[in-house]
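Worksheet for the structure shown next.
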Amino acid sequence: MGARLKDSIKLILSIIILFGLIIFAYQKNMLNAQIDPQNVYFQTASGPKNLKSFNGKIVLLYFGFLSCPDVCPTTMSFISKAFKQLSPEDQKKVEFIFIDLDPKRDTMEKLRGYVEYFNPNFQIFLAEEKSTRPFARFFGVDYREVPLKSNMGYTVDHSTDIVVLGKNGKIIGNIHHGTDSEVGTSIIKDFINSQP
Amino acid sequence: MFLMFFFSQLSFAGAISASNVQIRLTPPVSKTTAMFLTLKNSSDKEVKLKKVSGDLSDNIELHDMIMENNSMKMRAVTEIKIPQKGEVILKSGSLHVMIFDIKKELKENDKHKFKLTFDNGENLEIEASVKDFNK
């Protein structure tokens with residue numbers, strides 16, 4: 001009788017602990033999904049900011065890093081050409097933000113040298129991985145450090161789309177890698193016009 | 001024995017020839033860039049590019065880019081195959097020569113020399129032009 005009672009207690013305790021773990025994991029996941037990207041702070045060239053500073057404009061988000069030799073320069077080149085083809089009034093309605101995925105190697109100074117070379121008005125967001133990762137995930141952007149048998153050490157695989165936010169900070173679309181810059185300009189104009 | 005033509009872009013060495021050799025101009029703060037070119041193989045055996053070397057950097061590698069579900073992956077490769085009687089085009093978003101730890105600042109229209117080494121024992125001297133892809 002005593003032995004069976006002990007076994008039952010053990011079983012019940014195990015079940016309770018198991019449930020506890022499940023609830024804990026679930027809540028942790030829920031918290032991740034509930035992150036509000038508008039409230040995440042980043043370093044920028046002009047002090048700490050979050051997305052709220054850009055409410056009222058169309059915001060183009062691009063996630064990249066400095067040691068990226070091909071994809072990021074291609075996107076930067078595309079977006080800088082697409083911007084130049086917008087009228088000055090339209091340019092004032094759009095912000096481009098480069099969000100860095102490699103804070104271990106990239107500094108604000110180097111990022112400025114890179115991003116501002118393409119357009120001095122482009123913004124830079126730099127934060128530690130623990131802030132950047134859930135922010136990126138919220139926008140459907142995945143990235144992963146990958147060791148390379150190369151003097152580069154590692155590269156960062158990452159999604160290549162530009163995510164477009166409307167004036168209220170909500171996602172209204174995206175622009176795919178490889179889009180022609182003239183098409184890009186017209187896509188951006190469409191987004192501007194869709195947000196009176 | 002190989003012939004050097006002084007057309008701005010064409011180089012021959014035995015079976016392999018190179019054309020349209022361009023280096024992407026990147027901001028001075030960036031020490032990494034890519035070189036793109038077309039390689040043609042006039043022989044009836046596949047030839048592999050094994051190595052690229054030059055004064056611009058001591059760290060030059062061959063890389064490939066693979067796009068999967070809107071995510072771009074870059075991988076170092078040990079060789080690039082040039083099919084028999086065929087060609088391979090190294091370009092943005094695909095196979096390319098990756099140059100990092102650049103020793104000299106890149107300026108548009110500058111020329112830089114490189115040596116390509118192939119698995120059939122051939123070597124090819126090429127000249128690359130720095131191009132501003134932002135224009």
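The values are calculated or read from the model by the stated rules, or taken from the named source; none is laboratory data. Keep in mind that what you see is a predicted model, and the values were worked out from it rather than measured. Please note: Cβ atoms are built from the backbone with ideal geometry, for glycine as well, and neighbour counts cover all protein chains shown. Areas reflect the complete protein model, heavy atoms only, side chains present, ligands, DNA and RNA absent. Shrake-Rupley method; radii C 1.70, N 1.55, O 1.52, S 1.80 Å.
Couple of notes before you dig in:
- Accessible surface, the protein assembly as shown, averaged per residue in Å² (probe 1.4 Å): 53 Å²
- Were the residues from A:SER186 through A:ILE23 laid out at 0.36 nm apart, the gain over their Cα-Cα distance would be 53.9 nm.
- Put simply, the stretch A:1-150 fits an ellipsoid with semi-axes of 46, 18, 12 Å; these come from the alpha carbon gyration tensor as the roots of five times its eigenvalues, largest first.
- Note on B:LYS51: aspartates and glutamates with a C-alpha under 18 Å away, same-chain residues under 8 apart excluded, are B:GLU61, B:ASP64, B:GLU79, B:GLU87, B:ASP101, B:ASP119, B:GLU122, B:GLU125, B:GLU127.
- Accessible surface of the protein assembly as shown [probe 1.4 Å, protein heavy atoms]: carbon and sulfur percent: 55 percent
- 10 Å Cβ neighbours from other chains, averaged over peptide A:155-162: 4
- Per-pair calculated FRET efficiency, R0 = 56 Å: B:GLU79 and A:ASN193 via Cβ, rounded to 0.05: 0.65
- Within chain A, antiparallel bridges make up roughly 60 percent of the DSSP beta bridges whose residues both belong there.
- With R₀ set to 51 Å, the beta-carbon distance separating B:ASP64 from A:ILE12 gives a calculated FRET efficiency near 0.35.
- Overall, chain B carries a charge dipole of about 140 debye about its Cα centre when +1 sits on the Cβ of Lys and Arg and -1 on the Cβ of Asp and Glu, all other atoms neutral.
- Estimated translational diffusion coefficient (Stokes-Einstein, Kirkwood radius over Cα pairs, 25 °C, 0.890 mPa s) of the protein assembly as shown: 109 µm² per second.
- Estimated FRET transfer efficiency (B:LYS103, A:ALA45; beta-carbon r; R0 35 Å; 0.05): 0.80
- Among B:GLU125, B:GLU68, B:GLU46, residue whose mean-square fluctuation peaks in a GNM of chain B (springs only between Cα atoms under 10 Å): B:GLU68
- GNM result for chain A, Cα springs below 10 Å: residue of A:LYS49, A:LYS110, A:LYS167 fluctuating most strongly: A:LYS110
- Mean per-residue shielding of peptide A:58-71 is 4, counting Cβ atoms of other chains within 10 Å of each Cβ.
- The helix-only estimate of mean residue ellipticity at 222 nm for chain A, built from DSSP H runs of length n ≥ 4 each weighted as -39500 (n - 2.57), is -14000 deg cm²/dmol after division by the residue total.
- Residue by residue along B:55-68, Cβ atoms of other protein chains within 10 Å of the local Cβ number 2 on average.
- Gaussian network model of chain A, Cα within-10 Å springs - most flexible of A:TYR41, A:TYR117, A:TYR26: A:TYR26
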